[in-house]
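The values are calculated or read from the model by the stated rules, or taken from the named source; none is laboratory data. Just so it is clear, the structure is predicted and the values come from calculations on it, not from any experiment. No Cβ is skipped: glycine too gets one built from the backbone with ideal geometry, and neighbour counts run over all protein chains shown.
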Amino acid sequence: MSPGARRSVRKKAAVSGTGLHTGARTEATFLPAPAGQGIVFCRVDLAGKPQIPARLSEVEAVERRTAIGKGASTIHTVEHLLAAVAAHEIDDLTVELSGPEPPILDGSVQPYFEALEHAGPTETSGEPLVLTVPAPFTVSEGDSSYIVAPAKELRLTVTIEWPHPLIGRQAGSFTVTPQAFARELAPARTFGFTSEVAALQAKGLIKGASSANAIVLDERGLANGGELRWPDEFVRHKAADILGDLVLTGGHGGNIALARALTRAAQRGGAPKMDIGRIMDVLPHRYPFLLVDRIIEVEGQQRIVGIKNVTINEPFFQGHFPGHPIMPGVLIIEAMAQVGGMLLMGFFEGQNVEDKVVYFMSLDNVKFRRPVVPGDQIRFELEMVQFRGKTCKMKGVGFVDGQVVAEADMMASVVDR
Ligand SMILES: [Zn+2]
């Protein structure tokens, strides 16, 4: 966002009220923080005043809210507070909480935005952490899907769809600057349906919900009378929630998946063991049949880890299948085999690998566990089981987000071209 210095606040400011899910009364206090600290919550009501950084690794529960921390020190429903932090482009901040959940207030981000304005956002020193996305990618999680593309500014284009007469299909596109956020997104309130109240209460959620802190909808319209702040207040609020959850890269189920994917995409800038140039030196495959993007780990001649980023631009998605893109299983195995080829070629280090090519001789125990779709990053881990002469056996497993998508035992040999 802001390419300049890091930002914190000049003085403290507080808001207090009841938490939406816990119903507990909590005061949230914004305090200046040293450059480089990041956004850190502090539970001042607990012994030892545990600190919980606003980071993806701390995300605990994502049902109907974003919670961070563990066990007794969990903090529920951080997304509205964090949306205000993001809107003010603040990098370093301490947030003291006297209870387990920042107050829901009127259900919008506005009270937090105003409190931070009062605290005086100010530039400090050091470089802000800016995630740069090198190329467009997509993420899907449950009913939500996201498309992330490089841009000069932060712009959220959001479409939501709910089968309700006041919502239906709503779309909006919002450039995020402190001024635009204050005008277009901050006042938009969270919303819920009377039909869901009992089920959510049974799960121990929404203990603090009332018609004063959310738009409450019944089958026909607004359950509690009153007026919407905009006809499309719903999509505006969802845009604000996404912004809040994205703070955790440096909500809700889908948004957190997006934040993780963003972090990964930005991390791809890190130094690989073998980049695409080196891979193309070793493998004879070329577009559209080169299916390895990067080798990230090599343990001698025993083990190798390679990455394949799957995007909607893969040529095979045009026909496999129109409107329902799934990576062909045989190509997942082909990608795995190419990573295996990199391991096998390692045996010929120092020799002229251009004269050699890997032939695969057999595949056994091939299993496809899960479909691979655009936005997935496949991590192939291969182990050498046996190597004799010019023939080897390898065991390979492909993972997406830590879950196995495919596995196979492979036998291959190196032949001269
Ligand atoms: Zn929300």
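Summary of computed values
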| quantity | calculated |
| --- | --- |
| Spans of strands (runs of 3 or more DSSP E) in segment 290-391 with at least 1 residues at pLDDT 90 or above and surrounded by fewer than 16 Cβ atoms within 10 Å (Cβ to Cβ) | 356-368 |
| Filter pass, residue 167 being β-branched (Val, Ile, Thr), within 16 Å of the ligand (Cβ to nearest atom), within 21 Å of residue 75 (Cβ to Cβ) and more than 23 Å from the chain's Cα centre (by Cα) | no |
| Test result for residue 28, within 16 Å of the ligand (Cβ to nearest atom) and touching a strand residue (DSSP E or B) at 6+ places or on another chain (Cβ under 8 Å) | yes |
| Candidates 91, 106 - the one that is within 16 Å of the ligand (Cβ to nearest atom), out of contact with any helix residue (DSSP H, G or I) (no Cβ under 7 Å at 6 or more places or on another chain) and not assigned by TED's automatic domain parsing to the domain that holds residue 375 | 106 |
| Tally of residues being within 29 Å of residue 372 (Cα to Cα) and not hydroxyl-bearing (Ser, Thr, Tyr) across segment 155-176 | 8 |
| Residue match in segment 48-62 (condition: under 18 Å from residue 189 (Cβ atoms), within 13 Å of the ligand (Cβ to nearest atom) and modelled with pLDDT under 95) | no |
| Residues located in segment 232-251, provided they are at pLDDT below 95 and either more than 14 Å from residue 160 (Cα to Cα) or away from the ligand (no atom under 13 Å from the Cβ) (or both) | 243, 244, 245, 246, 247, 248, 249, 250, 251 |
| Residues of segment 175-199 satisfying the condition of being more than 15 Å from the ligand (Cβ to nearest atom) and assigned to a strand (DSSP E or B) | 175 |
| Breaking point among (1) touching a helix residue (DSSP H, G or I) at 6+ places or on another chain (Cβ under 6 Å); (2) surrounded by fewer than 19 Cβ atoms within 10 Å (Cβ to Cβ); (3) of a type in the set (Ser, Thr, Tyr), for residue 112 | (2) |
| Members of segment 205-231 found to be within 21 Å of residue 171 (Cβ to Cβ) and within 12 Å of the ligand (Cβ to nearest atom), listed by number | 215 |
| Enumeration of residues in segment 27-43 that are surrounded by fewer than 22 Cβ atoms within 10 Å (Cβ to Cβ) and of a type outside the set (A, V, I, L, M) | 27, 29, 32, 34, 36, 37, 38, 42 |
